[in-house]
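Structure first, then comments.
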Amino acid sequence: EAIELFVLVKNEVKILKDISFKIKAQVEDSILSVSSNIAEGYSRRSLKENIHFVNIALASLSENYTQIYALFSAGDIELEWFDQYDKKHYSLENKLIQFNKAMISKIDKNEWEDDYILREVVEKYGND
């Protein structure tokens with residue numbers, strides 16, 4: 001979903017004529033940062049690091065929303081496109097928040113192993 005939002009934003013920013021390269025680059029950078037931080041957090045074995053990177057992704061998502069809203073307010077983005085963006089943004093934001101809540105619950109219940117053992121592989125094939 002983060003990649004879908006990136007594509008939506010990139011395609012819209014690409015066609016904006018009266019926007020400086022710097023603003024376009026900032027908008028693209030902030031939305032690309034969302035999926036990048038989700039991926040980096042996923043690759044961490046520490047649950048606290050994972051949560052931290054999802055929080056960074058949420059911050060980038062908020063940054064991007066502010067940028068898009070500013071462009072909409074200035075009349076550079078049409079209402080129809082903004083509504084589509086807003087729905088996708090809201091959906092992703094809430095999924096990331098719920099994900100972090102679930103991960104925090106795992107910390108509270110001590111349900112996370114910070115090792116590199118792939119449990120489903122060990123259960124199926126053994127630990128050799």
Checklist entry - Out of (1) modelled with pLDDT under 95; (2) surrounded by fewer than 17 Cβ atoms within 10 Å (Cβ to Cβ), what's the single condition that is false for residue 59? => result (1)
Item to check | Of residues in the range 70-95 being open to solvent by 70 Å² or more (accessible area, probe 1.4 Å) and either touching a residue at least 40 places away in the same chain (Cβ under 8 Å) or under 20 Å from the mean Cα position of the chain (by Cα) (or both), the one nearest to residue 55 (Cα to Cα) | outcome: 95
Item to check | Set 9, 54, 13: member being among the β-branched types (Val, Ile, Thr), open to solvent by less than 70 Å² (accessible area, probe 1.4 Å), out of contact with any Lys or Arg (no Cβ under 6 Å at 6 or more places or on another chain) and farther than 20 Å from residue 100 by Cα | outcome: 9
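Kindly evaluate residue 52 against the criterion of being farther than 30 Å from residue 110 by Cα and either at pLDDT below 95 or not polar (S, T, N, Q) (or both).
Working: farther than 30 Å from residue 110 by Cα: no; either at pLDDT below 95 or not polar (S, T, N, Q) (or both): yes.
For residue 52, the condition - farther than 30 Å from residue 110 by Cα and either at pLDDT below 95 or not polar (S, T, N, Q) (or both) - is not met.
Considering only residues that are assigned to a helix (DSSP H, G or I), charged (D, E, K, R) and open to solvent by less than 70 Å² (accessible area, probe 1.4 Å), look in the range 16-48 and name the one that is nearest to residue 110 (Cα to Cα).
Restricting to residues being assigned to a helix (DSSP H, G or I), charged (D, E, K, R) and open to solvent by less than 70 Å² (accessible area, probe 1.4 Å), the top hit is 28.
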Item to check | Odd one out for residue 15 among (1) over 12 Å from the mean Cα position of the chain (by Cα); (2) over 16 Å from residue 81 (Cα atoms) | outcome: (2)
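The values are calculated or read from the model by the stated rules, or taken from the named source; none is laboratory data. Just so it is clear, the structure is predicted and the values come from calculations on it, not from any experiment. Glycine gets a Cβ as well: all are built from the backbone with ideal geometry, and neighbour counts include every protein chain shown. In case anyone asks, the SASA skips ligands and DNA or RNA and just uses the protein heavy atoms, side chains included. Shrake-Rupley method; radii C 1.70, N 1.55, O 1.52, S 1.80 Å.
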